[in-house]
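Written out below as structure tokens is the structure these notes cover.
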There are 2 protein chains.
Amino acid sequence: MATSRTPAPPLGRPRAFDAEEALTRALRLFWQKGYEGTSMADLTEAMGINKPSLYAAFGNKEDLFRKALERYGEGSACFIGEALTAPTARGVVEKFLVGAAEQLTNPENPRGCLVVQGALSCATSSDPVRQELVERRKGYEKAIAKRFQKAKAEGDLPASANAADLARYVAAVHQGMAVQATSGATRQELKRVAQVVLDGWPSK
Amino acid sequence: MATSRTPAPPLGRPRAFDAEEALTRALRLFWQKGYEGTSMADLTEAMGINKPSLYAAFGNKEDLFRKALERYGEGSACFIGEALTAPTARGVVEKFLVGAAEQLTNPENPRGCLVVQGALSCATSSDPVRQELVERRKGYEKAIAKRFQKAKAEGDLPASANAADLARYVAAVHQGMAVQATSGATRQELKRVAQVVLDGWPSK
DNA sequence: AGTCTTCTGTACCGACTAGTACACAAACCC
DNA sequence: GGGTTTGTGTACTAGTCGGTACAGAAGACT
């Protein structure tokens, strides 16, 4: 079944660049300038590759963006999945929003969130990308809602609570924090936003 | 001092278009597609003007955007100023966020908020516009903070409350709601987000 | 009438956009 | 060595970007 054993013998001339490293650089650029704000020339320069190599390795601009987005989800944005494993709904919110405050202001990375600011509004030609980001945002909101539903069943959230509403609220706060991060809010300021949410969190 | 009395006698060939109407159309376009996502060709078509007329009447693209932005602040976004006049901090939040839910989903207008999605992240060439929007966002956050400070002095917010933190939180929720609106959230869904905020609002 | 002033329409500018054709280089196989 | 396969570098495409030159049209003033 599996055709490739281990490194798989390279055929033909080998790549002169590290594809992983190049993708990381592309991700940073998209993260910083958004999908439309990043040009192929920006990318080739930052990735240290010329255009034909880029197209051969990653496909067109949209393909490359989607690959960068996937990498983002598995890397910088993995704190979301971790947060969902917290034992209580309140713990989930705390892990999620405090984690977000840290991720959104990580000095190693561009400010803010790729999924929020990658293509919030854009030319009609970029609509597929915009739509993809919409789906991703809906995706984590749904995951949070599901987790809250479980919390309700466990008596960990009041029976009167609406899981979907709370999840939408938490997602909105996260997205707002992302906007704030790109506007220059500090890590402490974002953590205090998270704290306000926790202070008002519904208890049994 | 005032040189212009009333309509001011027009000199030379009169305009063949209504500048107010044209600006309204430009605003709608920027609102929908963002600053970078809107091309001058899009604009001239939607405004029913050809390029030289547009440039003569409104200056370059950035000038036009700033004029549209001003109009936005005085028109669709004026609910913010009104909200600040509510008698209590809680009332301010309610008026602000419920008003936002309505404005962000007004079927007459594009979804979301121009100040949030007009140029959240963009090419370096559009940085002045991005920065202008950052300032506007900081502007209303500060206005809310000031209002909360007054509320504290009036005993309308607990003495332990931090006005700046609460204002940042409320602004973040608003910005998150704007993101949600562009993602297709309904008016009711956004109102329920506002309700969650009110449910958790600190009381004396 | 003529003149002055302003706006309109066409046709254009150079710069940049995403994407590619093609010749050549570098690895593998036999 | 030759042959095959794949990546690199240059140089180019057609189309779009924001912005403008210029000729003529439409009004007011004298």
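If you wrap a convex hull around the C-alpha atoms of the stretch A:143-204 and split its volume per residue, what is the figure in Å³? Spell out each step's value before the answer.
Numbers: hull volume 4.7 nm³, N = 62.
In the stretch A:143-204, the Cα convex hull volume per residue is 75 Å³.
Report, to the nearest 10°, how far helix B:127-153 tilts away from the longest principal axis of the Cα atoms in chain B, using its own Cα long axis and a range of 0 to 90°.
Tilt relative to chain B: about 30 degrees.
Probe 1.4 Å, all protein chains in place: accessible area of B:Phe58 in Å², nearest 10?
Accessible area of B:Phe58: about 10 Å².
Determine the principal axes of the Cα atoms in the protein assembly as shown, then give the extent along each, sorted from largest to smallest and rounded to whole angstroms.
85, 59, 33
How large is log10 of I(q)/I(0) for the stretch A:103-169 at q = 0.13, 0.20 Å⁻¹ when the intensity is taken from the Debye formula with one equal scatterer per alpha-carbon?
For the stretch A:103-169 at q = 0.13, 0.20 Å⁻¹, log10 I(q)/I(0) is -0.53, -0.84.
Within the stretch A:15-47, whose backbone N sits under 11 Å from a point 7 Å along Cα→Cβ of B:Gln131?
Once the point is set 7 Å along Cα→Cβ of B:Gln131, nothing inside the stretch A:15-47 turns out to lie under 11 Å by backbone N.
With a 1.4 Å probe and every protein chain left in place, tell me how much accessible area A:Asp156 has, in Å² to the nearest 10.
My reading of the accessible area for A:Asp156 is about 40 Å².
Hey, could you get me the Stokes-Einstein D for the stretch B:78-199, Kirkwood radius over alpha-carbon pairs, 37 °C and 0.692 mPa s, rounded to whole µm² s⁻¹? Could the numbers behind the result be given before it?
Values: Rh = 14.9 Å.
Stokes-Einstein gives a translational diffusion coefficient of 220 µm²/s.
Give the interface area between chains A and B as buried accessible surface, both sides summed, probe 1.4 Å, in Å² to the nearest 100.
Working: alone 11410 and 11390 Å², together 19700 Å².
Using a 1.4 Å probe on protein heavy atoms, the buried area is about 3100 Å².
Mind listing the label-point distances from B:Met40 to the same position on all other copies, shortest first, one decimal in nm, points 7 Å along Cα→Cβ?
Spacings between copies for this position, smallest first, are 2.4 nm.
Considering only protein heavy atoms and a 1.4 Å probe, what is the carbon-and-sulfur percentage of the accessible area of the protein assembly as shown? Don't skip to the end; give the middle numbers.
Working: 10040 of 19700 Å².
Of all accessible area on the protein assembly as shown, carbon and sulfur atoms account for 51 percent.
To the nearest whole percent, what portion of all C-alpha pairs in chain B is separated by more than 30 angstrom? Spell out each step's value before the answer.
Numbers: 6734 of 20706 pairs.
Result for the distance tail: 33 percent.
Would you check chain A for Lys pairs whose C-alpha atoms are within less than 22 Å, ignoring same-chain pairs closer than 8 in sequence, and give me the count?
Eligible lysine pairs with Cα atoms under 22 Å apart amount to 21.
Rolling a 1.4 angstrom probe over the protein heavy atoms, how many square angstrom per residue are accessible across the protein assembly as shown? Spell out each step's value before the answer.
Working: 19700 Å² over 408 residues.
On a per-residue basis, 48 Å².
Work out Dmax and Rg for the stretch A:19-73 from the C-alpha atoms and quote the Rg first, both in angstrom.
9.6, 27
Tell me, rounded to the nearest percent, the portion of alpha carbon pairs in the stretch A:29-103 spaced more than 17 Å apart.
55
The values are calculated or read from the model by the stated rules, or taken from the named source; none is laboratory data. Fair warning: this is a prediction, and the values are worked out from it, not measured in the lab. For neighbour counting, all protein chains shown are included, and Cβ atoms are generated from backbone atoms with ideal geometry for every residue, glycine included. SASA here: full protein model, heavy atoms, side chains in, ligands and nucleic acids out. Shrake-Rupley method; radii C 1.70, N 1.55, O 1.52, S 1.80 Å.
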